[in-house]
Amino acid sequence: KLQSLKEATGIVLEKSSYTINVGESLYINATASPQTIINKVLIYQTTSPNITLSGNKVTAKSTGDANITIRTTNGVTKNVSVKVIDELNSQNYKLRNNMITKVSSDLTISEFTNNILKKSSTYQIYKDGNKINNNNILIGTNTEFVLTTGASSINYIISVSGDVNGDGQVNVADLVKINRYILGLSSINIEAEKIAADVTEDNKILINDLVKINRYILELIGNL
């Protein structure tokens, strides 16, 4: 029982290095060890001017390399490196935690990549683990966008607003899926699908989202 009071002896990191784009935010996953300790508080600090920190949330401001020191209250430390690139146009989309959200429906892969890439970068598109080579296919929720920059690769999951079933369109099938979720008849467990369904951006999937998507389908509003 006394063992549960011992202080931290280490910090376990999910990753020790990250690559993110300017304007993107992500969360660093770290835990104090061993699991038996009571005080599991971690302090995140940086002196790097090209990122900002709020707890374990990192937001990229400008390109360059950054370093984050994670510290326990009794002085155990671990360092995490962050490389900030500027390859993606984040003005029309939201970049967060290796996800690209607020993507419009009915966009082909070619249209999407032309919109989001600032330069002629190397990328691959995957759906359900299969590489897609046809750039005329619609890009849908849960599509994986892999950006290669130098020796680094960043894997992004795409969430298309209103496209809960991942076909790249917003239609009655999406309304049915959301309605079944609201009624408790089925679940929406995948994060990209939850974000796609939450078109009111209140971190909930409610009747308001259903109404807004329905108005979009009826062309009463121009976008989601």
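The values are calculated or read from the model by the stated rules, or taken from the named source; none is laboratory data. Source: prediction; values computed, not measured. FYI the Cβ positions are ideal-geometry reconstructions off the backbone, even for glycines, and counts take in every protein chain you see. Only protein heavy atoms, including side chains, enter the accessible area calculation; ligands, DNA and RNA are left aside. Shrake-Rupley method; radii C 1.70, N 1.55, O 1.52, S 1.80 Å.
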Selected residue [open to solvent by less than 20 Å² (accessible area, probe 1.4 Å), modelled with pLDDT under 95 and either aliphatic (A, V, I, L, M) or over 24 Å from residue 190 (Cβ atoms) (or both)] from 68, 116: 116
Failed condition for residue 65, given (1) assigned to a strand (DSSP E or B); (2) closer than 30 Å to residue 202 by Cβ: (2)
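Does residue 213 meet the test of being at pLDDT 95 or above and closer than 25 Å to residue 20 by Cα?
For residue 213, the condition - at pLDDT 95 or above and closer than 25 Å to residue 20 by Cα - is not met.
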Residue 149 being under 15 Å from residue 107 (Cβ atoms) and out of contact with any helix residue (DSSP H, G or I) (no Cβ under 7 Å at 6 or more places or on another chain): no
Long-range neighbours under 7 Å by Cβ, at least six apart or interchain, first residue hydroxyl-bearing (Ser, Thr, Tyr) and surrounded by 12 or more Cβ atoms within 10 Å (Cβ to Cβ) within the range 1-17, second part of a loop (DSSP other than H, G, I, E, B) and at pLDDT 75 or above: 9/34; 9/76
Per-region count, the range 147-173, residues surrounded by 14 or more Cβ atoms within 10 Å (Cβ to Cβ), β-branched (Val, Ile, Thr) and at pLDDT 95 or above: 5
Qualifying residue in the range 74-81 (condition: open to solvent by less than 60 Å² (accessible area, probe 1.4 Å), at pLDDT below 95, closer than 27 Å to residue 121 by Cα and in contact with a Lys or Arg (Cβ under 9 Å, 6 or more places away or on another chain)): no
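Residue-wise test of (1) part of a loop (DSSP other than H, G, I, E, B); (2) not hydroxyl-bearing (Ser, Thr, Tyr).
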site	(1), (2)
141	yes, no
159	no, no
174	no, yes
181	no, no
192	no, yes
199	yes, yes
202	yes, yes
209	no, yes
Top-ranked residue in the range 94-139 [being assigned to a strand (DSSP E or B) and among the hydroxyl-bearing types (Ser, Thr, Tyr); ranked as nearest to residue 161 (Cα to Cα)]: 101
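Name the residues in the range 76-104 that are of a type in the set (S, T, N, Q) and either under 15 Å from residue 145 (Cα atoms) or in contact with a Gly (Cβ under 6 Å, 6 or more places away or on another chain) (or both), would you?
Looking only at the range 76-104, we keep the residues that are of a type in the set (S, T, N, Q), and these are 77, 79, 81, 89-92, 97-98, 101, 104.
Matches in the range 76-104: 89, 90, 97, 98, 101.
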Filtered residues of the range 90-128 (kept if within 23 Å of residue 173 (Cα to Cα) and without any contact (Cβ under 8 Å) to a residue 60 or more places away in the chain): 100, 102, 103, 108, 109, 112, 126, 127, 128
Matching residues in the range 174-201 - criterion: being open to solvent by 60 Å² or more (accessible area, probe 1.4 Å) and within 18 Å of residue 102 (Cβ to Cβ): 190, 191, 194, 201
